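The values are calculated or read from the model by the stated rules, or taken from the named source; none is laboratory data. On a predicted model such as this, the values are computed, not experimentally measured, just so you know. Cβ: placed from backbone, ideal geometry, glycine included. Neighbour counts: every protein chain shown. Heads up: the accessible areas ignore ligands, DNA and RNA and are worked out on the full protein's heavy atoms, side chains in. Shrake-Rupley method; radii C 1.70, N 1.55, O 1.52, S 1.80 Å.
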Amino acid sequence: MQSSGTRQAIVVGGLMLLFGALMLVETFYELNAWIWAAVLIVSGLGVYGIYATARTEAWMLIVSYVLLAIGTMVALIMLDFLEDSFVAVYVLSAIAIPFVVGYLRTERKDWGLLIPAYVLIAVGGMLLLLESNILTDDTVPAYVLLAVALPFLIVFARDSKQWWALIVGGITALVGLSFLIAADLAVYVLPAALILAGGWILVRQITQREADETTQDQTSET
């Protein structure tokens, strides 16, 4: 089996040689974007293959993911699947995914990883809604405030003892809803309120059930 130093040399040295050679060729001949996409994707798969031989060096997995994400983005642009601000949405989502995966790999214990993921997804969602003309300049403040309020409401829904989160989230949500009313979108206020209330009830029910099951398990063990 290859040593850690050997694998590192193969990845770093190989990528430097490959992209250095391509950049040199680019100075004399204009390379098609498909060539870059193919090289990035194949390189990403190659790095992952090296990582898979031991699965001890997480940085290789990160390098592989970055190469694959960029290569896929170039391919999607060439296929006209990504245009204008949708590229930004893709980039933000691609950055957010590793944080979500990291949270899941820690058995949902490291909540800190969800913070940057949520921010990136929320911003990406806003750009997507703006590009789709669902959001306008007048409703962006409402979206931002409601996006800020949601995590606090979820915190309270998971643990009613965290009453401070309800105050912060409730006030922020009310201000956000007031922006919707000011933007002549009062027709959306009631559905939005129902969705938030329904979501809160469901999350609260699920978390309460998990807490009851945990208590029962602990009781049975003792």
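Roughly what would the spin-label model give for Ile62 and Asp138, points 7 Å off Cα along C-beta, in nm?
For Ile62 paired with Asp138, the spin-label model returns 4.5 nm.
Please list, in chain and number order, the residues 5+ apart from Leu135 or on another chain whose amide H is under 5 Å from its amide H, with Hs placed from the backbone.
Amide H to amide H, under 5 Å and 5 or more residues apart or across chains, Leu135 pairs with Leu130.
Which FRET efficiency value, to the nearest 0.05, do you get for Ile195 and Thr106 by plugging their Cβ-Cβ distance into 1/(1 + (r/R0)^6) with R0 = 45 Å? Write down the numbers at each step before the final one.
Numbers: r = 30 Å, r/R0 = 0.66.
The value I calculate is 0.90.
Report, please, the projected area of region 20-156 averaged over directions, based on the convex hull of its C-alpha atoms, in nm². List each step's numbers first, then the result.
Values: hull surface 44.6 nm².
The orientation-averaged projected area of the Cα hull of region 20-156 comes to 11.2 nm².
Can you compute the modelled spin-label distance between Asp80 and Tyr29, with each label point 7 Å from Cα toward Cβ, in nm?
Taking the simple label geometry, Asp80 and Tyr29 are separated by 2.8 nm.
Which order do you get for Glu30, Glu57, Glu131, Glu83 if you rank them by accessible area with a 1.4 Å probe, largest at the top?
Numbers: Glu30 170, Glu57 20, Glu131 70, Glu83 95 Å².
Listed by decreasing accessible area, they come as Glu30, Glu83, Glu131, Glu57.
Can you give the Rg/Rh ratio of region 36-110, where Rg is from the C-alpha atoms and Rh is the Kirkwood radius?
1.04
What do you reckon, how do Arg7, Arg158, Arg105, Arg55 stack up by accessible area (1.4 Å probe), largest on top? Write down the numbers at each step before the final one.
Numbers: Arg7 15, Arg158 110, Arg105 175, Arg55 135 Å².
In descending accessible area the options line up as Arg105, Arg55, Arg158, Arg7.
With a 1.4 Å probe and all protein chains kept in place, how much accessible area does Val203 have, in Å² rounded to the nearest 10?
50
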